[in-house]
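A.B. asks: I'd like to ask some things about the structure below.
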Amino acid sequence: METTSGTGEPVAGELVSVAHALSLPAESYGNDPDIEMAWAMKAMQHAEVYYKLISSVDPQFLKLTKVDDQIYSEFRENFEKLRIDVLDPEELKSESAKEKWRPFCLKFDGIVEDFNYGTLLRLDCSQGYTEENTIFAPRIQFFAIEIARNREGYNKAVYTSVHDEEEKEGNHGREEGTDSGGAEEKGANREREKAKTSKGAEKEKRANKEISKSGETAL
């Protein structure tokens, strides 16, 4: 997908600048607001793609990296009791948590591409990427938690809720079609009944005439 300016022209120069900036290590730019915005945009795009993925495919069958098995094994070995369905930010951001996460993350330097890039991570895995439900995390931390959520069945809540909603909408459409068909059938039945009544009345009139004629002849 090509990024364009307000006039519809590609902003190639801006993209090259952003791409170059994002390729630099974090210490190269400090707290530059333009770079922070670029990071946020890139992280949001990644989040949208990932959420669509777990909404459309059963997450238990997803493979996020070439080393999912290693990431999951190392993660549960180091964070055996960490609750991942609803994360406590303190388990990720406190000084003691950072000390524990740092050696885990560094194990994947050179194994997972861009292992320390900023990525959006959902706190409650049954919910989407809202402001209240999202924190920034290194990419390897995102992979570790999301791979575990997929394998342990927690992300199935998103997939199930989306498909339940689609099924409800489908059923609603079928019910409307059935109601419409039922109304048409009722209308047709009424017309048939009217026709029968009309024919019956005509037969009755003819019969009465015949009876009257027979009576006059007899007299």
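A.B. asks: Over region 31-164, what is the relative contact order in percent, taking alpha-carbon pairs closer than 8 angstrom and at least six residues apart? Walk me through the numbers before you get to the answer.
C.D. replies: Working: 135 pairs, mean separation 47.3, N = 134.
About 35 percent, as a whole number.
A.B. asks: Between ALA40 and TYR129, what length in nm is gained on full extension when 0.36 nm per residue of separation is reduced by their alpha carbon distance?
C.D. replies: Gain on extension, ALA40 to TYR129, equals 30.8 nm.
A.B. asks: I'd like the accessible area for ILE111: 1.4 Å probe, protein heavy atoms, all chains in place, Å² to the nearest 10.
C.D. replies: Surface accessible to solvent at ILE111 totals approximately 80 Å².
A.B. asks: Please report the net charge: other residues with Cβ closer than 15 Å to the Cβ of THR130, K and R +1, D and E -1.
C.D. replies: -3
A.B. asks: While we're here: Quick one: if the Förster radius is 45 Å, what FRET efficiency do ARG83 and ARG190 give, using the C-beta to C-beta distance and rounding to 0.05?
C.D. replies: Values: r = 63 Å, r/R0 = 1.40.
E(calc), rounded to 0.05, equals 0.10.
A.B. asks: With the cut-off at 21 Å, report for region 31-164 the share of all Cα pairs above it, as a whole percent.
C.D. replies: 39 percent
A.B. asks: Residue separation times 0.36 nm, minus the C-alpha to C-alpha distance between ASP109 and LYS93: what's the value?
C.D. replies: 3.8 nm
A.B. asks: Enter the accessible area of SER96 (Å², nearest 10), with the probe set to 1.4 Å and all protein chains included.
C.D. replies: Solvent-accessible area, nearest 10 Å²: 90 Å².
A.B. asks: Moving on. Quick one: how many Å² of THR134 are accessible to a 1.4 Å probe, rounded to 10?
C.D. replies: Roughly 30 Å² of THR134 is accessible to a 1.4 Å probe.
The values are calculated or read from the model by the stated rules, or taken from the named source; none is laboratory data. This one's a predicted model, so the numbers in the text were calculated from it and none came from an experiment. Glycine gets a Cβ as well: all are built from the backbone with ideal geometry, and neighbour counts include every protein chain shown. The accessibility values were calculated without ligands, DNA or RNA, using every heavy atom of the protein model including side chains. Shrake-Rupley method; radii C 1.70, N 1.55, O 1.52, S 1.80 Å.
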